[in-house]
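These notes are about the structure you will find just below.
The values are calculated or read from the model by the stated rules, or taken from the named source; none is laboratory data. Keep in mind that what you see is a predicted model, and the values were worked out from it rather than measured. Neighbour counts are summed over all protein chains in view; Cβ atoms, including those assigned to glycine, are modelled from backbone coordinates with ideal geometry. SASA here: full protein model, heavy atoms, side chains in, ligands and nucleic acids out. Shrake-Rupley method; radii C 1.70, N 1.55, O 1.52, S 1.80 Å.
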Amino acid sequence: MGRLILDRILWAIPTLIAITIATFVIIQLPPGDFATAYIAELIHNGETVDDAEAARIRTEFGLDRPYPIQFFDWIGGIVLRGDFGISFDWQLPVSDLIWERLGLTLLISTLSLLLTWAIAIPIGVYSATRQYSIFDHVFTVLGFLGRGIPDFLLALILMWLGLVYFNFHVGGLHSPEFRDAPWSFAKFLDLLKHLWVPVFVLATGGAAGLLRIMRANMLEELGKPYVETAYAQGLPERRVVWGYPVRVALNPFISTVGWALPALISGDVITAVVLNLPTTGPLLLRALQNQDMYLAGGFILILSVFTIIGTLLSDILLVLTDPRIRHA
């Protein structure tokens, strides 16, 4: 176990360095930069920008320096001072912009993930142990519908139903009178009233996919000789099913920690835009659209770190839960 963790950590260091360089390069690949877009917006608004003014703007944003110097200034600030730089678009520290939205993002994503597992695991086990029953067919149809309907479309449907039939606007996480109000118990209750919509929408697609995976894995395990031997010895079904087949069938859930952890930070971007959620996803999308280098780079770097940590956790949990991996 100790050697596994050490190997993963040692591999994580060069991986993170490579990701950091790739992130900076990819952000620079589109034509132009933030200064180009900023100048174009000034011209669109009727202002005159000559070459001297354009050069001054590029110098102000620090975009007139060579790319290697920009990269080392950026990464040096992060490593030495924890400074992710200043957002060109917002003119605010990148860390402040990310952290102020991170709490709500983690709350929504964590609740969605827990609801996804709470739905997928028991239904998948039940469908496998009652194969071809009426409930298995019903859950199969619901699973295909959940996978086929995009999250953003389901969000739009719920918004329409809430507005037309219940006179309740489900967009955002607060009612208009609470959006700019300080935190209070009334604002917290208003948050809970709006919170179920994004949690339900985000959990639906994930639960539908994992349900099918859980069912397929359980069917494979239930047909193996050790399960038949356990039944032949007279062990009760609950003990046989939950004793070992479920543990093995849970491997896909455990292995998804590698991408589930960064997903807690980014959330579902399109769904967040549709529902007007004040989470990190729309902020990342805007940073990429505007080529806000430091904000986009900071986001991608944080997501990369969480991906590496999540992958390490997945490896450790798989070793702990599956003896076949432990003794391989």
Label model pair ILE309, LEU192: point-to-point distance (7 angstrom along the Cα→beta-carbon line) in nm is 2.9 nm
Here, LYS224 and ILE9, labelled 7 Å along Cα→Cβ, have an inter-label distance in nm of 3.2 nm
Rounded to the nearest 10, the angle in degrees between the Cα long axis of helix 134-148 and the longest principal axis of the Cα atoms of the chain comes to 10 degrees
Average accessible surface area per residue within region 167-326, 1.4 Å rolling probe, Å² | 46 Å²
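Answer rounded, prolate or oblate for the chain, using the Cα gyration tensor with square roots of eigenvalues a ≥ b ≥ c: rounded when a/c is under 1.5, else prolate when a/b is larger than b/c, else oblate.
Values: a/c = 2.78, a/b = 1.58, b/c = 1.76.
Oblate, because a/c is 1.5 or more while a/b does not exceed b/c.
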Determine the gain in length on full extension of the stretch GLN233-ASP180; use 0.36 nm per residue of separation and subtract their C-alpha separation, reporting nm with one decimal.
-> 12.6 nm
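Between GLN28 and ASN276, what is the FRET efficiency for a Förster distance of 41 Å, r being their Cβ-Cβ separation, to the nearest 0.05? If you can, show how the numbers build up before the last one.
Details: r = 31 Å, r/R0 = 0.75.
With R0 = 41 Å, the Cβ-Cβ based efficiency is 0.85.
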Using only Cα atoms, tell me the angle between helix 34-44 and the longest principal axis of the chain; keep it within 0 to 90° and round to the nearest 10.
-> 60 degrees
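Given the Cα-Cα distance of GLU60 and PHE135 and 0.36 nm per residue of separation, how much length would full extension add, in nm? Walk me through the numbers on the way to the answer.
Working: separation 75, 0.36 × 75 = 27.00 nm, distance 6.43 nm.
That pair, GLU60 and PHE135, stretches by 20.6 nm at full extension.
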Ranked order, ASP96, ASP292, ASP51 - accessible area, probe 1.4 Å, largest first | ASP51, ASP96, ASP292
Inter-label distance, nm, simple model (7 Å from Cα along the C-beta direction), ALA118/LEU156 = 2.9 nm
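Leaving out ligands and nucleic acids, and using a 1.4 Å probe, what accessible area per residue does region 1-143 come to in Å²? Intermediate values should be presented prior to the final figure.
Details: 8710 Å² over 143 residues.
Normalised by residue count, the accessible surface of region 1-143 is 61 Å².
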How far is helix 67-81 tilted off the main Cα axis of the chain, in degrees rounded to 10, range 0 to 90?
-> 60 degrees
Stretched fully, the stretch from ARG147 through ILE17 gains (0.36 nm per residue minus C-alpha distance, one decimal, in nm) 43.2 nm
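Accessible area of the chain with a 1.4 Å probe: how many percent of it is carbon plus sulfur?
Values: 12400 of 18100 Å².
Carbon and sulfur atoms account for 69 percent of the accessible area of the chain.
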Could you work out how far the C-alpha centroid of region 135-194 sits from that of region 222-248, in angstrom?
-> 40 Å
